[in-house]
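One structure below.
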Amino acid sequence: MISFSFLGIEKSYSDPSGKNLQVLGPVDLTVESGQFLCLLGPTGCGKTTLLRILSRLESADSGKISMGSGNLGYVFQQGALFPWMTVESNVMFPLKAKGVKSGLCRSRAGEMLRNVGLYEFRRSFPHELSGGMQQRTALARGLVTEPDILLLDEPFASLDTRTGIHLQEMLRKLCRSLSTTVVFVTHNIEEAVYLADRIAVMGHRPGRIVRDETLSLKWPRDRLSSDFTGVLLSFRQTFEELVDQ
């Protein structure tokens with residue numbers, strides 16, 4: 001079953017001189033329900049713009065988006081937690097916005113906080129948490145509504161390697177258990193190869209998909225295996241060719 005599709009998506013902005021600058025397109029992409037897709041590409045290739053168009057935070061200049069009636073979850077690069085709210089209140093926020101009753105909000109938020117190992121910190125405020133704990137809170141908030149599609153914009157980019165790997169494993173486990181369709185933006189090749197069912201590599205000037213591949217790697221994945229290393233090196237070569245352009 002198709003979760004969503006892009007057909008001929010294009011986007012342009014005006015630079016400071018008023019000149020029109022095409023940053024995206026045309027982009028054609030179809031994603032199956034339950035698939036974990038990584039959008040991989042160098043900085044400035046339009047990955048985040050494409051994500052924002054899918055989430056309706058921005059509109060495309062041309063093209064068509066086909067998507068079912070399911071709900072979306074969004075996890076931003078820096079978490080974007082409300083600093084005046086506790087961890088629990090941050091996670092409850094999207095449920096309250098949908099009109100879910102307070103008792104059920106608290107119950108579902110508590111369950112998700114247990115899933116990410118933060119239940120005992122539910123009454124803490126964001127500034128009292130480490131960077132990794134803040135991102136776990138953001139992940140819990142993104143998943144608490146059990147979205148049909150979860151969008152993540154480089155959520156682990158600012159974390160140390162050990163914390164990032166831990167959260168990658170947590171994210172993959174949670175999304176598989178919920179059968180969530182995932183679009184994960186990253187410029188980290190190893191992260192993409194570890195997480196994804198499928199990787200779409202984006203070039204730039206303007207942003208477009210230059211390689212689209214479903215991975216044959218089995219689960220659980222071993223980062224030290226020859227199969228993993230082979231896929232990693234293949235995508236690294238593609239990535240380096242893009243950067244050199």
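The values are calculated or read from the model by the stated rules, or taken from the named source; none is laboratory data. Given the structure is predicted, the values throughout are model-derived calculations rather than measurements. Because the Cβ atoms are built from the backbone with ideal geometry, glycine has one as well, and the counts that use them run over all protein chains shown.
Counting residues that are surrounded by fewer than 18 Cβ atoms within 10 Å (Cβ to Cβ) and either touching a Ser or Thr at 6+ places or on another chain (Cβ under 6 Å) or without any contact (Cβ under 8 Å) to a residue 12 or more places away in the chain (or both), which strands (runs of 3 or more DSSP E) fully inside the stretch 1-117 reach at least 2? Break it down stepwise before answering.
Working: elements: 2-14, 20-32, 36-40, 62-67, 72-75.
Result: 2-14, 20-32.
Can you name the residue in the stretch 82-99 that is under 13 Å from MET112 (Cβ atoms) and among the β-branched types (Val, Ile, Thr) and is also nearest to the chain's Cα centre (by Cα) among such residues?
Top of the filtered list is VAL91.
Tell me, please, whether a residue that is in contact with an Asp or Glu (Cβ under 8 Å, 6 or more places away or on another chain), among the charged types (D, E, K, R) and surrounded by fewer than 14 Cβ atoms within 10 Å (Cβ to Cβ) can be found in the stretch 186-200.
no
Of the conditions (1) over 20 Å from PHE4 (Cα atoms); (2) modelled with pLDDT under 95; (3) in contact with a helix residue (DSSP H, G or I) (Cβ under 8 Å, 6 or more places away or on another chain), GLU191 clears all except one; give me its number.
Just one mismatch for GLU191, condition (2).
Quick one: which of THR186, THR238, THR214 is touching a Lys or Arg at 6+ places or on another chain (Cβ under 9 Å), polar (S, T, N, Q) and more than 30 Å from ASN71 (Cβ to Cβ)? If you could, list the steps in order and put the result at the bottom.
Details: THR186 fails: more than 30 Å from ASN71 (Cβ to Cβ); THR214 fails: more than 30 Å from ASN71 (Cβ to Cβ).
Criteria check complete, one pass: THR238.
Quick check on the stretch 212-245: of everything there that is surrounded by fewer than 12 Cβ atoms within 10 Å (Cβ to Cβ) and in a loop (DSSP other than H, G, I, E, B), which residue is modelled with the lowest pLDDT?
GLN245
Keeping to the stretch 151-186, report how many residues are touching a strand residue (DSSP E or B) at 6+ places or on another chain (Cβ under 9 Å) and among the hydroxyl-bearing types (Ser, Thr, Tyr).
Residues in the stretch 151-186 being touching a strand residue (DSSP E or B) at 6+ places or on another chain (Cβ under 9 Å) and among the hydroxyl-bearing types (Ser, Thr, Tyr): 3 in total.
Please go through the stretch 46-66 and give me each residue that is of a type in the set (A, V, I, L, M, F, W, C) and in contact with a helix residue (DSSP H, G or I) (Cβ under 8 Å, 6 or more places away or on another chain), ordered by number. Steps first, answer last, please.
Quick first cut of the stretch 46-66, residues of a type in the set (A, V, I, L, M, F, W, C) only: 50-51, 53-54, 57, 60, 65.
Selection gives ALA60, ILE65.
Could you tell me whether THR214 is among the polar types (S, T, N, Q) and in contact with a strand residue (DSSP E or B) (Cβ under 6 Å, 6 or more places away or on another chain)? Step through it out loud before you land on a result.
Values: among the polar types (S, T, N, Q): yes; in contact with a strand residue (DSSP E or B) (Cβ under 6 Å, 6 or more places away or on another chain): yes.
The answer is yes for THR214.
Taking GLY207, is it within 22 Å of ARG236 (Cβ to Cβ) and over 15 Å from the mean Cα position of the chain (by Cα)? Spell out the reasoning first.
Details: within 22 Å of ARG236 (Cβ to Cβ): yes; over 15 Å from the mean Cα position of the chain (by Cα): yes.
Taking the combined requirement at face value, the residue satisfies it.
Which residues, taken from the stretch 118-130, are loosely packed, with under 14 Cβ neighbours inside 10 Å and part of a helix (DSSP H, G or I)?
Taking the stretch 118-130 as the starting set, the residues that turn out to be loosely packed, with under 14 Cβ neighbours inside 10 Å are 120, 123, 127-128, 130.
Once the filter is applied, which keeps residues that are loosely packed, with under 14 Cβ neighbours inside 10 Å and part of a helix (DSSP H, G or I), the stretch 118-130 yields GLU120, HIS127, GLU128.
ALA200 passes all but one of (1) among the small types (Gly, Ala, Ser); (2) closer than 30 Å to ASN20 by Cβ; (3) modelled with pLDDT under 95; which number fails?
Only one criterion in (1) among the small types (Gly, Ala, Ser); (2) closer than 30 Å to ASN20 by Cβ; (3) modelled with pLDDT under 95 is unmet by ALA200, namely (3).
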